[in-house]
Amino acid sequence: MDSVEGETTRPGAVLDRISEGVLALDEDLVYTYANEGAMDLLGMDREDIVGEYIRDVFPEAEESITAARETGEQTSYERYNEQYSRWFDVSLYPDDNGLTIVFRDITERKEREQELERYERIVENLPVAVGESTTGDDAGFTAVNSAAVEMFDADSKADLEDHTIGDAYAEDDDRKRVSELLRERGRLEGKEVRLETLSDEPFW
């Protein structure tokens with residue numbers, strides 16, 4: 001039994017205080033326990049879960065859970081659940097008496113990742129050179145698109161990422177002026193400078 005401030009609490013009370021969902025299944029893959037987190041995440045009452053067969057709550061997870069029971073090995077995965085229109089991070093802990101599922105909602109993180117992937121695809125397919133870099137006199141490329149690779153006559157993106165922004169300027173005075181303007185204004189548009197490819201061929 002758990003004890004909180006001198007009071008004895010019922011088994012599982014600690015699990016009810018965590019935000020992750022916790023479900024327990026017996027050997028027949030029937031739910032025997034659900035904590036408060038699981039009920040909140042699934043929008044269900046405990047009586048809607050406990051006593052039900054696996055596919056009645058997490059139908060898309062049945063195959064993974066059955067495999068974990070057969071191998072007896074702990075496993076984790078991320079899966080989009082169509083029933084709840086949410087992404088879940090799921091961990092499975094099988095034992096001789098059944099299996100415990102611990103899961104949490106990661107929908108916001110997955111949506112941020114998908115938005116970043118969309119942004120990267122857009123930048124990659126732009127017909128103009130795009131690069132991201134650190135700042136300062138020794139600023140270096142941290143990311144470039146394919147158009148930048150072509151413009152600087154590089155063999156790969158990695159070739160550019162090994163160079164500093166300063167290496168790109170044909171004239172050191174241009175590099176200094178651009179750096180000063182960026183520090184003063186925070187942005188720069190319409191400035192013409194002469195750059196060099198990685199083989200030292202100049203271009204405007």
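The values are calculated or read from the model by the stated rules, or taken from the named source; none is laboratory data. As the structure is a computational prediction, the values presented were derived from the model and not from experiment. Neighbour counts run over all protein chains shown; Cβ positions are idealised from the backbone, glycine included. These accessible areas exclude ligands, DNA and RNA; they are computed on the full protein's heavy atoms, side chains included. Shrake-Rupley method; radii C 1.70, N 1.55, O 1.52, S 1.80 Å.
Normalise the Cα radius of gyration of segment 56-158 by 2.2 N^0.38 Å (N = residues in it) and let me know the number.
Dividing the Cα Rg of segment 56-158 by 2.2 N^0.38 Å gives 1.69.
How far is it, in nm, from the label point at residue 75 to the one at residue 20 when both lie 7 Å from their Cα along the line to the Cβ?
1.8 nm
Rounded to the nearest percent, how much of the accessible area of the chain (1.4 Å probe, protein heavy atoms only) is carbon and sulfur?
Carbon and sulfur together cover 44 percent of it.
Return, for the Cα atoms of segment 20-81, the radius of gyration and Dmax in Å, separated by a comma.
Computed over the Cα atoms of segment 20-81, radius of gyration and Dmax are 11.4, 31 Å.
Would you mind working out the accessible area per residue for the chain, using a 1.4 Å probe, and quoting it in Å²?
Per residue, the chain has an accessible area of 64 Å².
Classify segment 133-174 from the C-alpha gyration tensor, please: rounded if a/c falls under 1.5, else prolate or oblate depending on whether a/b exceeds b/c.
Here segment 133-174 falls in the oblate category.
Taking all pairs of different Cα atoms in the chain, averaging 1/r and flipping that mean, what Kirkwood radius in angstroms comes out?
21.8 Å
I want to verify the translational diffusion coefficient of segment 152-204 in µm²/s; compute it with Stokes-Einstein, Rh as the Kirkwood radius over Cα pairs, at 4 °C and 1.567 mPa s.
108 µm²/s
Give me the distance in nm between label points sitting 7 Å out from Cα along the Cα-to-Cβ direction at residue 67 and residue 194, one decimal.
Placing both labels 7 Å beyond Cα along the Cβ direction yields 6.1 nm.
Under 22 Å from the Cα of residue 176, which lysines turn up, not counting those fewer than eight places away in the same chain?
191
For residue 60 and residue 139 in one chain, what is 0.36 nm times their gap in residues minus the Cα-Cα distance, to one decimal in nm?
23.6 nm
Calculate log10 I(q)/I(0) of segment 62-118 for q = 0.27 Å⁻¹, where I(q) comes from the Debye formula with a single equal point scatterer on each Cα and nothing for solvent.
Debye intensities relative to I(0), on a log10 scale: -1.04.
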